[in-house]
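Here's the structure, in structure tokens; my notes come after.
The values are calculated or read from the model by the stated rules, or taken from the named source; none is laboratory data. The structure presented is a predicted model; accordingly, all values stated were derived computationally and were not measured. Cβ coordinates were reconstructed from backbone atoms using ideal geometry, including for glycine residues, and neighbour counts include every protein chain displayed.
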Amino acid sequence: MRRAAALVALGLIAASGCQPTRDGPPPPTTPTPVPGFTASVVVFEDDNANGVQDPEEAGVVPDAEVEIGGQVGTSEEGTGAATVRGVAAGTYTIGLRKLPPFYQPGAPQTITVPGGTALVPLILPISGNTHSVYLAHGDSISQGVPGSSDGFGYRSLLQAKLQAAFRRGDLDYEGGLGGRTDDGRRLMPKSLGRVKPAFTLIDWGVNDWNPIPGAEYDQACQASPDPPDCPFLPNLIEMIDDVRGAGSLPVIATLTPPNTNIAPEGRYLWVLKANNLIRSIVPARQILLADVGAAFIATGHPNDFLTDNVHPNDPATRSWRTPSTRRSRRASPVRLPRRPWGCCRSRRTKRRALSGRMSPHANLKA
């Protein structure tokens, strides 16, 4: 009521041509809106790098930051559309401020504002490989058996997310149940030749902890995943090099931590150490990290997401995210949680864990 009365009084004063007196400074004025227009673009994957979206090029690219006339917009999942507001009238070259991992700018494009929608091409450097084909290369965790009710694990869910984000995406699997990194190293070249994937997700190593009589390495890896005694890391590096050499784009996963209600304490600590070894090679080799191990630990109760010793269950696979559009998180060592779910039963082990003297690198059995 008081506010309404004040407004009426001011209206009457203004109508009479008089102005109220003020003891203090004048009230701030509302800034005049900056004139401008809305510009629209669609960011797409230019498979043949000709700068034109051909009829068969249905793929769009989300999370690309475009700039027009000093204003910025980000392309959306599912459409590749980016809206840039507040652009002054004129003709501009469309700038690309940030791109998803591995994508490169295509032919430069211009846009006239106001006007229609511009198409912005991006290129993937995949040589003669097949656009929108993803290869999941790993052991039984990648296969999804045991653990998932449909027998596909994360693969069917990831494929659906890729198709929703990029409007296309086919996920293939090759590998071996119970395999170790030496199996992955041996199988990788033939798999790359058969599938010719744009992206290759490397998910090997959970079984390297298990001693297998007659294998290339036996007790050495169970003691520690560190080279040179254990070829865990050299095998992964060789697979990465094979993927690069075949023109595919490598994504490497950290290992699933084991169920601490079942697995020996040493295996849990071994996995943490192996995962830090994986993280350590990411920056220099410019690969994309799918930090599965950290995601499990971040839940605070990772055992709930395992169907047995190391295999993720349905709730776990449903929570995994699309790995390729987001920029790779900083690959840094992960310290042991303060309460590692019963893993650190001895006081000495717990003190070492909490002091950070135990480096977290990972590997398991699947």
> Out of 169, 106, 175, which single residue is closer than 23 Å to residue 54 by Cβ and without any contact (Cβ under 8 Å) to a residue 60 or more places away in the chain?
Replying inline: 169
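So that you can scan it fast, the table gives a plain yes or no per residue for (1) more than 18 Å from the chain's Cα centre (by Cα); (2) over 30 Å from residue 270 (Cα atoms):
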position: 118; (1), (2): yes, yes
position: 129; (1), (2): yes, yes
position: 132; (1), (2): no, yes
position: 152; (1), (2): yes, no
position: 155; (1), (2): no, no
position: 158; (1), (2): no, no
position: 197; (1), (2): no, yes
position: 200; (1), (2): no, no
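Answer yes if at least one residue in segment 144-153 is touching a residue at least 24 places away in the same chain (Cβ under 8 Å) and charged (D, E, K, R), and no otherwise.
Taking segment 144-153 and keeping what is touching a residue at least 24 places away in the same chain (Cβ under 8 Å), we get 144-149, 153.
Now narrow it down to the ones that are charged (D, E, K, R): none.
Within segment 144-153, none of the residues are touching a residue at least 24 places away in the same chain (Cβ under 8 Å) and charged (D, E, K, R).
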> When the residues of segment 206-251 are filtered to those that are aromatic (Phe, Trp, Tyr) and more than 24 Å from the chain's Cα centre (by Cα), which remaining residue is modelled with the highest pLDDT?
Replying inline: 209
>> For segment 287-324, which positions are of a type outside the set (Val, Ile, Thr), farther than 17 Å from residue 260 by Cβ and modelled with pLDDT of 85 or more?
In response: 288, 289, 290, 291
> Is one or more of the residues making up segment 29-46 modelled with pLDDT of 95 or more and assigned to a loop (DSSP other than H, G, I, E, B)?
Replying inline: yes
> Quick one: which of 355, 332, 280 is out of contact with any Gly (no Cβ under 6 Å at 6 or more places or on another chain) and modelled with pLDDT of 85 or more?
Replying inline: 280
>> Given the criterion touching an Asp or Glu at 6+ places or on another chain (Cβ under 7 Å) and not hydroxyl-bearing (Ser, Thr, Tyr), identify the matching residue among 206, 243, 271.
In response: 206
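Yes or no, residue by residue, for (1) within 25 Å of residue 145 (Cα to Cα); (2) free of Cβ contacts under 8 Å to residues at least 12 places away in the same chain:
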residue	(1), (2)
234	no, yes
245	no, yes
269	yes, no
285	no, no
> For the subset of segment 125-167 comprising residues that are charged (D, E, K, R) and at pLDDT below 95, which member is surrounded by the fewest Cβ atoms within 10 Å (Cβ to Cβ)?
Replying inline: 150
> Within segment 87-97, is there a residue that is among the aromatic types (Phe, Trp, Tyr) and within 29 Å of residue 159 (Cα to Cα)?
Replying inline: no
>> Exactly one of these conditions fails for residue 280: (1) farther than 18 Å from residue 233 by Cα; (2) in contact (Cβ under 8 Å) with a residue 40 or more places away in the chain; (3) surrounded by fewer than 24 Cβ atoms within 10 Å (Cβ to Cβ). Give me its number.
In response: (1)
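Yes/no per residue for (1) within 26 Å of the chain's Cα centre (by Cα); (2) polar (S, T, N, Q); (3) surrounded by 15 or more Cβ atoms within 10 Å (Cβ to Cβ):
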residue	(1), (2), (3)
50	no, yes, no
54	no, no, no
102	yes, no, yes
106	yes, no, yes
